[in-house]
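Only one structure is covered here, and it is reproduced in the block below.
The values are calculated or read from the model by the stated rules, or taken from the named source; none is laboratory data. Fair warning: this is a prediction, and the values are worked out from it, not measured in the lab. All Cβ positions, glycine included, derive from the backbone under ideal geometry; neighbour counts span all protein chains shown.
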């Protein structure tokens with residue numbers, strides 16, 4: 001224990017002699033710790049914890065499939081469903097409690113400064129009720 005205390009006193013004396021290095025080391029450590037904390041918090045909220053959707057095992061995605069006839073192996077390509085088909089599915093469905101549709105989009109957001117392109121989603125009115 002005596003050796004550890006001697007080493008600690010020596011380290012403090014050396015850091016006190018060179019305040020520029022001490023400041024750079026402290027700034028580097030604080031930025032690194034802050035960045036790691038922010039990244040872990042985001043990963044924890046998005047990846048590690050399940051979404052706050054009750055009965056998530058009952059949520060499914062339905063899409064139209066179109067067989068790729070140009071491929072040597074029969075591949076299925078999924079395509080967007082038309083609003084008419086979605087309405088038919090919703091009206092005729094007996095297997096689902098409720099259906100909702102969404103479509104990805106890109107929007108321009110303006111404000112102070114120039115416009116920025118942001119990802120967006122168009123949804124049907126009951127999208128959040130379904131989730």
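Only a single criterion out of (1) within 23 Å of residue 123 (Cβ to Cβ); (2) modelled with pLDDT under 90; (3) part of a helix (DSSP H, G or I) is not satisfied by residue 88, namely (2).
Residues of segment 74-91 include at least one that is over 30 Å from residue 130 (Cβ atoms) and in contact with a strand residue (DSSP E or B) (Cβ under 9 Å, 6 or more places away or on another chain).
Close Cβ contacts (under 8 Å, 6 or more residues apart or on different chains) running from residues in segment 3-15 that are assigned by TED's automatic domain parsing to the domain that holds residue 26 and free of Cβ contacts under 8 Å to residues at least 40 places away in the same chain to residues that are in a helix (DSSP H, G or I) and surrounded by 10 or more Cβ atoms within 10 Å (Cβ to Cβ) comprise 15/21; 15/22; 15/25.
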